[in-house]
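Heads up, the thing below is written out as structure tokens.
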Amino acid sequence: MSADELVDVVDTQDRVVGQATRREVRARQLRHRSVYILLFNGDGQLFVHQRTTTKDIYPGYYDIAFGGVVGAGEDADGAARRELQEEAGVTNVRLRRVLEFQFDDDSNHVNGVVYSATYDGPLELQASEVAGGQWMDLADVVELSQRQPICPDGIEALRLYLDRLDEARRSG
């Protein structure tokens, strides 16, 4: 998504209250929708990548999720498929919609939707957004988050995802 593409501006109840360009959303720190795709392989490892230093938010940080801003009028499911194809070259994979959450920090205000997918094929990383990456065991992801800058919204998405898995195991 380019800086001039339109984004729906939303409130905390996820109602559309206006539209702005992605550049305006970042400059004015407007609440918007984003998608997060946790991509696992068949061994349960998570793909972790490093963002390029040209990204408009969290440049150079590690990220545990593919994804990004939902375009104006776009639904989350479509945005998740688009982002996974653009950033990782992955198509024809079953996306499981796991949860919705809100994230707020000094520069980012998001109504997010978290997806998970399992994929064992080759990845075609988008060079303009992804500097590189690797499959990692979850324990190693936690360790990485203790020593490297990692996207805080992605870590929150992963934490909530793991909490949801723990709840399901305890009740089922």
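Residues that are exposed (fewer than 13 other Cβ atoms within 10 Å of the Cβ), closer than 28 Å to Ala20 by Cβ and at pLDDT below 95 do occur in the range 104-125, at least one of them.
Table: residues versus (1) buried (at least 17 other Cβ atoms within 10 Å of the Cβ); (2) more than 13 Å from the chain's Cα centre (by Cα); (3) modelled with pLDDT under 95.
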| position | (1), (2), (3) |
| --- | --- |
| Asp56 | no, yes, yes |
| Tyr62 | yes, no, no |
| Val69 | yes, no, no |
| Gly73 | no, yes, no |
| Arg82 | yes, no, no |
| Arg96 | no, yes, no |
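Apart from one condition, Arg26 fits all of (1) touching a residue at least 60 places away in the same chain (Cβ under 8 Å); (2) part of a helix (DSSP H, G or I); (3) within 18 Å of Val114 (Cβ to Cβ); the exception is (3). Scanning the range 69-99 for residues that are in contact with a strand residue (DSSP E or B) (Cβ under 6 Å, 6 or more places away or on another chain) and touching a residue at least 40 places away in the same chain (Cβ under 8 Å) yields a total of 13.
Criterion applied to Asp14, Asp56, Asp8, Asp4 was being on the phi > 0 side of the Ramachandran plot and touching a Lys or Arg at 6+ places or on another chain (Cβ under 8 Å), and the one residue passing it is Asp14.
Could you please let me know if Thr54 is β-branched (Val, Ile, Thr), out of contact with any strand residue (DSSP E or B) (no Cβ under 9 Å at 6 or more places or on another chain) and over 20 Å from Tyr115 (Cα atoms)? Spell out how you get there, then give the answer.
Details: β-branched (Val, Ile, Thr): yes; out of contact with any strand residue (DSSP E or B) (no Cβ under 9 Å at 6 or more places or on another chain): yes; over 20 Å from Tyr115 (Cα atoms): yes.
Answer is yes for this residue.
The selection criterion, being among the hydrophobic types (A, V, I, L, M, F, W, C), within 26 Å of Gly71 (Cβ to Cβ) and at pLDDT 95 or above, does not hold for Val141.
If you filter the range 109-151 down to residues that are among the polar types (S, T, N, Q) and part of a helix (DSSP H, G or I), you find that the one that is nearest to the chain's Cα centre (by Cα) is Ser145.
The values are calculated or read from the model by the stated rules, or taken from the named source; none is laboratory data. Please read all numbers here as calculations on a predicted model, not as lab measurements. Backbone-built Cβ (ideal geometry, glycine too); neighbour counts: all protein chains shown.
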